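*Asks:* One structure coming up, written as structure tokens, with questions to follow.
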Amino acid sequence: MAGLQCLRRLWLRVHDAMPYEEPAPGSPLDIGQQIGRKAHLLFPGGVEVTEEPWEHVEAVARTRALMADADVPAIFEAAIEHDGIRTRVDVLERLPAGAWGLREVKSSSGLKDHYIDDIAIQTYVLRGAGVSLASTELLHVNTAYVRGAGDIDWPTFFTRLDVGDAVASALVDVPGRLPAMRACLEGAALPAAEAGAQCSNPYDCEFWDRCIAQKPDDWIFYMPRLSQTRMEELEARGIEAISAIPPDFPLSERQAIIREAIVTGHPFLAPELNDRLGGFGPPACYLDFEAMMPPIPLYEGTWPYQTIPFQWSLHRLGGDGSLDHHAFLADGTGDPRRAFAETLIATLAADDAPIIVYSAYEKTRLNDLAAEFPDLRQPLEAIIARLADLLPVVRSAIYFPAFGFSNSIKSVAPALCPDVTYEDLEDIADGATAAATFLQIASGEITRPEDIDRLRAALLVYCQRDTLALVGVHRTLMRHAATAND
């Protein structure tokens, strides 16, 4: 699969692999492993091949022994080798008359094209090794499943999709692909490859930093929304840096602004910045949410990957410049959504100042809550009506070279307000870690009271930092707008 994406990635994975690390909690790999283990419940009596990847010879021998034992209905992580290719099959299910079923487990909500390639190479190995395959299925998460009052209904949680026809079509191409991959691996030197869109399709390449080490800091790949056609035109002219793009080269208005800011080192401030800030206050409130998306639903009435908000932070800036802070963080013992909504409603009832957010995320979550709790719809819709999104203002009316080609709050805030930083946050410094941490608390994976207390404190500090960053960005924009009008 790495070879299909990029031969350079294949060579590095074999000859200069990254050090092994356990997947971070909440990462796609971690979620995949969780879902894979739950899929075992669909095959009662199945036996797992527990040998590690570097114990492949032993794993193959163990798999053969289990296949020979008619009392074993399924083998998890079955190790098979053929034609110099090693594979571990998620589930090898015993079928009648000496046949087997290949079951590939994915944590996604449906079939993706590259899954077929993944299953095809496994099929090639199994059939080459003499395994009689009678059926091929993809097991994926059924996002239409809604958890009931009791335990998870695992047969309904998973969708079993027959992909035999699609795999048979893809299997035709497998033998023709292998010689180039083998030739690549036999080479002593790292194969040449130009970094590009393939580096993140279908997976983010772990060797990205190595491959772009010689690229300029303002590499044209970083230019937002630069089409592949335009990039190829620049590359054909030997242009790799945004600063080297000629002024007459066709760019969008925003791209031209970024190019000019990089070339001159001066920020861009739109003349209409002050007008764009109209209606943002002060007085104003600054709001940020944190939410988790449990792959396995934790609460009755919820479904896989449903977004569950569990924390909010609110700063209130008075007309006199005073600043106070309010916060909510669920305790993790039950569905947090109603308490989340009720505490937010109560806190925002004190005034009718605009509520500044950064993106449409908070609006989406509030609409979800209004649909979930009809009795709270009116006050929640009143909050929605007060939302003022600062992100479109930043996108259209200001650009600093220090933004680093990003409009995210974590890029914009430190550039506009040097005193705003996330670098001092140790346990939790980004939203993905916040979500994964709370999910671990809510699902009971973290149990020691001292750990829970420490992580809850870190969650509160992190979310507060996000709204404090919003305050800083808004204040700085107001100062720039005032200066521009002088």
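The values are calculated or read from the model by the stated rules, or taken from the named source; none is laboratory data. From a predicted model like this one, the values you see are computed outputs, not experimental measurements. All Cβ positions, even for glycine, are placed from backbone atoms using ideal geometry, and neighbour counts span all protein chains on display.
*Asks:* Checking the conditions here, which among G45, G36, G26 is crowded, with 17+ Cβ neighbours inside 10 Å, assigned to a loop (DSSP other than H, G, I, E, B) and not assigned by TED's automatic domain parsing to the domain that holds M293?
*Replies:* Testing whether each residue is crowded, with 17+ Cβ neighbours inside 10 Å, assigned to a loop (DSSP other than H, G, I, E, B) and not assigned by TED's automatic domain parsing to the domain that holds M293 leaves just G26.
*Asks:* Here's something else I'd like to know. Quick one: in segment 249-292, which of the residues that are over 29 Å from the mean Cα position of the chain (by Cα) and polar (S, T, N, Q) is nearest to R386 (Cα to Cα)?
*Replies:* Residue satisfying both the conditions and the ranking: N274.
*Asks:* Please give the number of the condition G130 fails out of (1) touching a residue at least 12 places away in the same chain (Cβ under 8 Å); (2) closer than 26 Å to G176 by Cα.
*Replies:* Condition not satisfied by G130: (1).
*Asks:* Next question, about the same structure. Please pick out the residue among A339, A349, A360 that is surrounded by fewer than 14 Cβ atoms within 10 Å (Cβ to Cβ) and more than 25 Å from the chain's Cα centre (by Cα). Working first, answer last.
*Replies:* Values: A339 fails: surrounded by fewer than 14 Cβ atoms within 10 Å (Cβ to Cβ); A360 fails: more than 25 Å from the chain's Cα centre (by Cα).
Only one candidate passes the filter, namely A349.
*Asks:* Taking helices (runs of 4 or more DSSP H) that do not extend beyond segment 290-406, which have at least 2 residues that are closer than 21 Å to E445 by Cβ? It would help to see each step written out before you state the result.
*Replies:* Values: elements: 337-348, 361-372, 377-386, 391-397.
Passing ranges: none, list empty.
*Asks:* Take segment 102-124 and flag every residue that is surrounded by 20 or more Cβ atoms within 10 Å (Cβ to Cβ), of a type in the set (A, V, I, L, M) and farther than 13 Å from S169 by Cα.
*Replies:* Once the filter is applied, which keeps residues that are surrounded by 20 or more Cβ atoms within 10 Å (Cβ to Cβ), of a type in the set (A, V, I, L, M) and farther than 13 Å from S169 by Cα, segment 102-124 yields L102, V105.
*Asks:* Here is a follow-up. Give the residue that is surrounded by the fewest Cβ atoms within 10 Å (Cβ to Cβ), with candidates limited to residues of segment 90-101 that are of a type outside the set (D, E) and touching a residue at least 40 places away in the same chain (Cβ under 8 Å).
*Replies:* Top of the filtered list is L95.
Residue-wise test of (1) closer than 30 Å to Y222 by Cα; (2) assigned to a loop (DSSP other than H, G, I, E, B).
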position	(1), (2)
E423	yes, yes
I428	yes, yes
T433	yes, no
E445	no, yes
D451	no, no
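*Asks:* Is it the case, given these coordinates, that V146 is under 30 Å from P297 (Cα atoms) and either surrounded by 17 or more Cβ atoms within 10 Å (Cβ to Cβ) or modelled with pLDDT under 95 (or both)?
*Replies:* On the way: under 30 Å from P297 (Cα atoms): yes; either surrounded by 17 or more Cβ atoms within 10 Å (Cβ to Cβ) or modelled with pLDDT under 95 (or both): no.
No.
*Asks:* State the number of residues belonging to segment 242-261 that are touching a residue at least 24 places away in the same chain (Cβ under 8 Å) and surrounded by fewer than 15 Cβ atoms within 10 Å (Cβ to Cβ).
*Replies:* So the count comes out to 1.
*Asks:* Within segment 149-176, which residues are within 23 Å of H15 (Cβ to Cβ) and surrounded by fewer than 14 Cβ atoms within 10 Å (Cβ to Cβ)?
*Replies:* The initial filter retains those residues of segment 149-176 that are within 23 Å of H15 (Cβ to Cβ), namely 174.
Once the filter is applied, which keeps residues that are within 23 Å of H15 (Cβ to Cβ) and surrounded by fewer than 14 Cβ atoms within 10 Å (Cβ to Cβ), segment 149-176 yields nothing.
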